[in-house]
1. For the Cα atoms of the chain, what angle does the longest principal axis make with the long axis of helix 146-167, in degrees from 0 to 90, nearest 10?
2. Test of understanding: in a Gaussian network model of the chain with alpha carbons linked when under 10 Å, which of Glu92, Glu56, Glu46 would top the mean-square fluctuation ranking?
3. Express the accessible area of the chain per residue in Å², computed with a 1.4 Å probe while the remaining protein chains stay in the model.
4. Which one, Gln125, Ser158, Ile141, is farthest towards the positive end of the dipole of region 124-168 when Lys and Arg carry +1 and Asp and Glu -1 on their Cβ?
5. By the scheme Lys and Arg +1, Asp and Glu -1, what is the net charge of all other residues having a beta-carbon under 13 Å from that of Thr111?
6. Once you list every other residue whose beta carbon is under 11 Å from the beta carbon of Glu56, what net charge do they have if Lys and Arg are +1 and Asp and Glu are -1?
7. Stretch Ala167-Thr18 to full length: gain in nm at 0.36 nm per residue minus the Cα-Cα span?
8. Return the lysines within reach of Lys148: Cα separation strictly under 28 angstrom, same-chain partners fewer than 8 residues apart disregarded; answer none if there are no such residues.
Amino acid sequence: MLRRRAAPYGCANTLGTTMASIKHSAGFDIQQPIQRVFPLFSAEGETLWVPGWTYENIMGSKELREDYIFLTESHDHASTRAIWLVKRFEPENHFVQFYKVEPEEKVGIITIQCSAKEQSLTHTQVTYEYIGLSRKGNAFIASFSKQKYREFIDEWHSLLTSHFKSAD
């Protein structure tokens, strides 16, 4: 769903008055206990299943928590260095939410909610919302279709399935 927003009072962007935004959500099931699945949605956890995933740990610890910050280069829809900030982290609820800031391009809000369907079956719901900060960011948003998002999330499912097959 593509939306246009008026720039907030006192907030200028490189477009002058409008910022595009889009939000997609999709889920998948993994035949694994939630205790094995949820920890993989962290900066360190993604190194185990996402090809080419690297991050710069600027916090000194690998343990995820609210306000944890890390950096990535050109990964996960980014065309530039991205600053990731953990907005909410509720491990007891298997919930994590990140801000991903690509300066002068776009801001992402990524939400991951895992739920146990059975003892060894986990449902993962992933939501990406992007807000454009420039023409380049708005162009990405205009091209980020529901179909492209579904393909992206299907790849997550495939990569996680492969990870667990090789780990078992």
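The values are calculated or read from the model by the stated rules, or taken from the named source; none is laboratory data. As the structure is a computational prediction, the values presented were derived from the model and not from experiment. Glycine also receives a Cβ, built like all others from the backbone with ideal geometry; neighbour counts cover every protein chain displayed. These accessible areas exclude ligands, DNA and RNA; they are computed on the full protein's heavy atoms, side chains included. Shrake-Rupley method; radii C 1.70, N 1.55, O 1.52, S 1.80 Å.
1. Around 30 degrees separate the two axes.
2. Result for the chain, Cα springs under 10 Å: Glu92 fluctuates most.
3. Numbers: 8810 Å² over 168 residues.
Ligands and nucleic acids excluded, the result is 52 Å² per residue.
4. The Cα lying farthest towards the positive end belongs to Ile141.
5. +2
6. My count for the surroundings of Glu56 gives 0.
7. Taking 0.36 nm per residue and subtracting the Cα distance, the gain is 49.0 nm.
8. Lys23, Lys87, Lys100, Lys106, Lys117, Lys136, Lys165
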